[in-house]
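J.: Just passing along the structure, written as structure tokens.
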């Protein structure tokens, strides 16, 4: 490895100054969001979101300018590094070239800060005082806590109970940055109290936490709701990742054959691959493979139908067309809390339906095996979520070893696992277990899908 460049960096001046919007480049228009009450096309529900988010959600402008105030904060950690995984390649004895785009260098430890800063900025611009949000593993809650701290806003976080108990340091991080964090379902909302009355031991789900946060936001005039994934405007903010990666790959003189990343709601991986999938849609790179990786315990894209469903458990969020396991489905308590969402981002779902991206599901133990191998070769302990993408990237690199092909593999490494060491402890002590696809629970949840009469053009 002597003399080989490991880290491909960009200067501050090379950092993108616009977000890339895929909507005008889609070969077929994205199905609209539907109002949860009328079932007809609708904007994001007012007064939940800022004017900036509303405009960006439906914009047909290809490149949307990043506000200077947001760029100034981005410069605290961006551009993030693209790293050639030479040591992992050597350990695998593969001819493949493996790169990873590392978002764990952000102050919050993950990619989530890219949209948290933007959403806090637009909320402050509208004059609100407070946000309410949900979080799974705590990456989003901690990122928004910091984003709100930057702009002097209050924050209430409803954290999925199983993750609240598994990851106490995420709560402490949120509180250090000034947020209030409670386990969901909670006693603080009517929805939470109802669910706890029915099941006092409910582990919670992202769909439940979303409902609580929306109820909170609807109940106060000074509060906006904020979401860390799924919707178009959030994926838009994350495209700074892929735009940087594209420039860095050009500096390396390479273009990826395979792009791999984990998906829960899909924001990190979409942020990586959307600037690249544009080339596939346009015919420049027809053989590019884009592999979305999810847990076998919550396999929305590999096992769920592509249909209309609510984004939350109580049907207050818009109805979106997506791959879903049913909004009432509560996944098993895997450590990748950020991947325990019942549905998938409409943009990713749409691209998968059109055949531009793939999906795979992998079990929990195998992902931690990959994460430990990555940590022992590259030095970075990944969060449980990106371990899913690393697992498939290693499998693809081993396939190259078998075939003798030298493919270029790009991994979206969304964040570090420094607050997830209890999960690694379970793995290292042999206590970590896999969870099978809960077919009967999903079958029951799918009976609660909304009845939609809207017919696409």
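J.: Please specify each residue of the stretch 216-257 satisfying the condition of being free of Cβ contacts under 8 Å to residues at least 40 places away in the same chain and on the phi > 0 side of the Ramachandran plot. If you could, list the steps in order and put the result at the bottom.
T.: If we filter the stretch 216-257 for residues that are free of Cβ contacts under 8 Å to residues at least 40 places away in the same chain, which is where we start, we get 219, 246, 250, 253.
Selection gives 253 alone.
J.: Residue check: is residue 192 over 22 Å from residue 108 (Cβ atoms), touching a helix residue (DSSP H, G or I) at 6+ places or on another chain (Cβ under 7 Å) and assigned to a helix (DSSP H, G or I)? Before the answer, list the steps.
T.: On the way: over 22 Å from residue 108 (Cβ atoms): yes; touching a helix residue (DSSP H, G or I) at 6+ places or on another chain (Cβ under 7 Å): yes; assigned to a helix (DSSP H, G or I): yes.
Yes.
J.: For the stretch 70-114, name all the residues that are buried (at least 16 other Cβ atoms within 10 Å of the Cβ) and farther than 22 Å from residue 7 by Cβ.
T.: 70, 71, 73, 112
J.: While we're on this one: Is it fair to say residue 323 is in the same structural domain as residue 344 (by TED's automatic domain parsing), within 20 Å of residue 448 (Cα to Cα) and at pLDDT 95 or above? Explain how you work it out, then say what you get.
T.: Details: in the same structural domain as residue 344 (by TED's automatic domain parsing): yes; within 20 Å of residue 448 (Cα to Cα): yes; at pLDDT 95 or above: yes.
Yes; evaluated as a whole, the condition is true for this residue.
J.: Can you spot a residue in the stretch 219-236 that is in the same structural domain as residue 161 (by TED's automatic domain parsing), more than 20 Å from residue 52 (Cβ to Cβ), modelled with pLDDT under 95 and out of contact with any strand residue (DSSP E or B) (no Cβ under 8 Å at 6 or more places or on another chain)?
T.: yes
J.: While we're on this one: How about the stretch 377-457: which helices (runs of 4 or more DSSP H) wholly inside it have at least 2 residues that are over 30 Å from residue 328 (Cα atoms)?
T.: On the way: elements: 384-403, 421-428, 439-445.
Qualifying helices (runs of 4 or more DSSP H): 384-403, 421-428.
J.: Moving on. Residues in the stretch 342-354: is at least one modelled with pLDDT under 90, farther than 29 Å from residue 84 by Cα and not in a helix (DSSP H, G or I)?
T.: The initial filter retains those residues of the stretch 342-354 that are modelled with pLDDT under 90, namely 342.
Those left that are additionally farther than 29 Å from residue 84 by Cα: 342.
Filter once more, so that each one left must be not in a helix (DSSP H, G or I): 342.
Checked against the condition, which is being modelled with pLDDT under 90, farther than 29 Å from residue 84 by Cα and not in a helix (DSSP H, G or I), the stretch 342-354 yields at least one hit.
J.: Let me ask you something else. Search the stretch 159-184 for residues being in a loop (DSSP other than H, G, I, E, B) and modelled with pLDDT of 95 or more, and hand back the single one that is farthest from residue 130 (Cα to Cα). Lay out the reasoning, then the answer.
T.: Of the stretch 159-184, the ones in a loop (DSSP other than H, G, I, E, B) are 167, 177-179.
Next, from what is left, pick out any that are modelled with pLDDT of 95 or more: 177-179.
Working: 177: 14, 178: 12, 179: 10 Å.
Checked the stretch 159-184; the qualifying residue farthest from residue 130 (Cα to Cα) is 177.
J.: Go through the stretch 52-158 and tell me which helices (runs of 4 or more DSSP H), entirely inside it, have 1 or more residues that are touching a helix residue (DSSP H, G or I) at 6+ places or on another chain (Cβ under 6 Å) and farther than 19 Å from residue 12 by Cβ.
T.: On the way: elements: 68-74, 86-92, 113-126, 139-151.
Passing ranges, in order: 86-92, 113-126, 139-151.
J.: Which condition number in (1) assigned by TED's automatic domain parsing to the domain that holds residue 416; (2) closer than 19 Å to residue 71 by Cα is the one that residue 124 fails?
T.: (1)
J.: Now for a separate question. Looking only at residues that are touching a residue at least 60 places away in the same chain (Cβ under 8 Å) and within 17 Å of residue 354 (Cβ to Cβ) in the stretch 305-321, which one is surrounded by the fewest Cβ atoms within 10 Å (Cβ to Cβ)? I'd like the intermediate steps shown before the answer.
T.: Residues of the stretch 305-321 that are touching a residue at least 60 places away in the same chain (Cβ under 8 Å), as a first pass: 305, 307-321.
Pick out the ones that are also within 17 Å of residue 354 (Cβ to Cβ) and you get 305, 307, 320-321.
Working: 305: 15, 307: 18, 320: 24, 321: 22.
Checking each candidate, the answer is 305.
J.: Note down all Cβ pairs under 7 Å where the first residue falls in the stretch 64-90 and is without any contact (Cβ under 8 Å) to a residue 60 or more places away in the chain, the second is assigned to a strand (DSSP E or B), and they're at least six residues apart or on different chains.
T.: Listed by first residue and then by second, the contacts come to 65/18.
J.: Taking the stated definitions as given, is residue 291 surrounded by fewer than 24 Cβ atoms within 10 Å (Cβ to Cβ), touching a residue at least 24 places away in the same chain (Cβ under 8 Å), under 15 Å from the mean Cα position of the chain (by Cα) and farther than 22 Å from residue 115 by Cα?
T.: Working: surrounded by fewer than 24 Cβ atoms within 10 Å (Cβ to Cβ): yes; touching a residue at least 24 places away in the same chain (Cβ under 8 Å): yes; under 15 Å from the mean Cα position of the chain (by Cα): yes; farther than 22 Å from residue 115 by Cα: yes.
Against the criterion (surrounded by fewer than 24 Cβ atoms within 10 Å (Cβ to Cβ), touching a residue at least 24 places away in the same chain (Cβ under 8 Å), under 15 Å from the mean Cα position of the chain (by Cα) and farther than 22 Å from residue 115 by Cα), residue 291 qualifies.
J.: Just one of the numbered conditions (1) surrounded by fewer than 14 Cβ atoms within 10 Å (Cβ to Cβ); (2) in a strand (DSSP E or B) is not true of residue 19; which one?
T.: In the conditions (1) surrounded by fewer than 14 Cβ atoms within 10 Å (Cβ to Cβ); (2) in a strand (DSSP E or B), residue 19 misses (1) alone.
J.: Here's a follow-up. Filter the stretch 191-218 down to residues that are out of contact with any strand residue (DSSP E or B) (no Cβ under 7 Å at 6 or more places or on another chain) and buried (at least 24 other Cβ atoms within 10 Å of the Cβ) and give me whichever is farthest from residue 66 (Cα to Cα). It would help to see each step written out before you state the result.
T.: Of the stretch 191-218, the ones out of contact with any strand residue (DSSP E or B) (no Cβ under 7 Å at 6 or more places or on another chain) are 191, 193-203, 207, 211, 215, 218.
Of the ones still in play, those that are also buried (at least 24 other Cβ atoms within 10 Å of the Cβ) are 191, 207, 211.
Values: 191: 36, 207: 30, 211: 30 Å.
My answer is 191.
J.: Among the residues of the stretch 383-392, is there at least one that is loosely packed, with under 14 Cβ neighbours inside 10 Å, in the same structural domain as residue 269 (by TED's automatic domain parsing) and closer than 23 Å to residue 249 by Cβ?
T.: The first filter runs over the stretch 383-392 and keeps only residues loosely packed, with under 14 Cβ neighbours inside 10 Å, leaving none.
No, there is no match, as no residue in the stretch 383-392 is loosely packed, with under 14 Cβ neighbours inside 10 Å, in the same structural domain as residue 269 (by TED's automatic domain parsing) and closer than 23 Å to residue 249 by Cβ.
The values are calculated or read from the model by the stated rules, or taken from the named source; none is laboratory data. Values in this document were obtained by computation on a predicted structure and should not be read as measured data. Reconstructed Cβ throughout: ideal geometry from the backbone, glycine too, with neighbour counts over all protein chains shown.
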